[in-house]
Amino acid sequence: MEGQSFGSPWRQLLLATWRALIGAVGAMDAESLLLSLELASGSGQGLSPDRRASLLTSLTLVKRDYRYDRVLFWGRILGLVADYYIAQGLSEDQLAPRKTLYSLNCMEWSLLPPATEEMVVQTSVVKGRFMGDPSHEYEHTELQKTSEGDKVFEEEVVVQIKEETRLVSVIDQIDKAVAVIPRGALFKTPFGPIHVNRTFEGLSLSEAKKLSSYFHFREPVELRNKTLLEKADLDPSLDFMDSLEHDIPKGSWSIQAERGNALVVLRSLLWPGLTFFHAPRTKNCGYIYVGTGEKNIDLPFML
């Protein structure tokens, strides 16, 4: 972890900021943020005390200024020159499109544009590490067909791809593939909107150890393809997202109980760096991504 262990002034500053954050974003999000940062520090990617203090304070201001219902610290994409710190703003409808922001210093945040299919296709040709400079441009050479009369020619064209576009695309891909929420943490009203379930008291330890107890935190894809018979045992107010147990390839998640069963941790093998945690029998849960933004495309051959 960067920096030294918390001295008394830093501890007091963090505690004061944490109390303020609880009032601003809710106790569950504040506790989840601190726990997710602690888990990230265990993998050698923690934040120094001043960065933590800046993050806690600035996210409170982001929530206020942008008028979000909740603000979640999404994680950190490691670059060669600098790292991208990512946060997401959620509206009252928890599955509505999220607003994504990035920062290079945990203090000043910039809003990213929504991801599009065109962005995903365009940036799929870019390989390797992020630089850490949003204005950096990758160069990609591709063959384009041109015709003159009856003749068709192929010519090489150099395409410029901005790193900011790649950042938007990668965050969107990670969200769709491995953003996680436990069953019961959200509920769907008969009128449609998805809300935080205030009565959720956490999963039992036995449930928390099952992959079927966790959903993809996004609009369902596979659920729509299920027959009425397959949906018969589902609770429409709780089971309205896709379960992790049907993910392909099988074995793309590791699930472990840690700290004497006080914490259950899921780690994605498809997108290394994504960690989800849940403290059984409590509301405390969340996920954080700390990695290079590169997908493990060899996973099917490793299982």
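The values are calculated or read from the model by the stated rules, or taken from the named source; none is laboratory data. As the structure is a computational prediction, the values presented were derived from the model and not from experiment. Cβ: placed from backbone, ideal geometry, glycine included. Neighbour counts: every protein chain shown. What goes into the accessible areas is simple: the full protein's heavy atoms, side chains included, and nothing from ligands, DNA or RNA. Shrake-Rupley method; radii C 1.70, N 1.55, O 1.52, S 1.80 Å.
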Taking segment 88-113 as the search range and keeping residues that are out of contact with any strand residue (DSSP E or B) (no Cβ under 8 Å at 6 or more places or on another chain) and either aromatic (Phe, Trp, Tyr) or over 19 Å from Thr60 (Cβ atoms) (or both), which one is most open to solvent (accessible area, probe 1.4 Å)? Pro97
Hey, among the residues in segment 248-280 that are of a type outside the set (A, V, I, L, M) and free of Cβ contacts under 8 Å to residues at least 12 places away in the same chain, which one's nearest to Gly184 (Cα to Cα)? Gln256
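When residues of segment 139-196 are filtered for being among the small types (Gly, Ala, Ser) and either crowded, with 19+ Cβ neighbours inside 10 Å or modelled with pLDDT of 90 or more (or both), how many remain?
5
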Going through segment 250-282 one residue at a time, which ones are over 18 Å from the mean Cα position of the chain (by Cα), surrounded by fewer than 18 Cβ atoms within 10 Å (Cβ to Cβ) and assigned to a loop (DSSP other than H, G, I, E, B)? Lys250, Gly251, Arg259, Gly260, Asn261, Ala262, Arg281, Thr282
Anything in segment 75-129 that is among the small types (Gly, Ala, Ser), in a loop (DSSP other than H, G, I, E, B) and at positive phi? List them, or say none. Gly128
Pull out all pairs, ordered by first then second residue, where Cβ-Cβ is under 8 Å, the residues are six or more apart or on different chains, the first lies in segment 110-139 and is among the acidic types (Asp, Glu), and the second is surrounded by fewer than 12 Cβ atoms within 10 Å (Cβ to Cβ). Asp133/Val81; Glu137/Gln160; Glu139/Val158; Glu139/Gln160
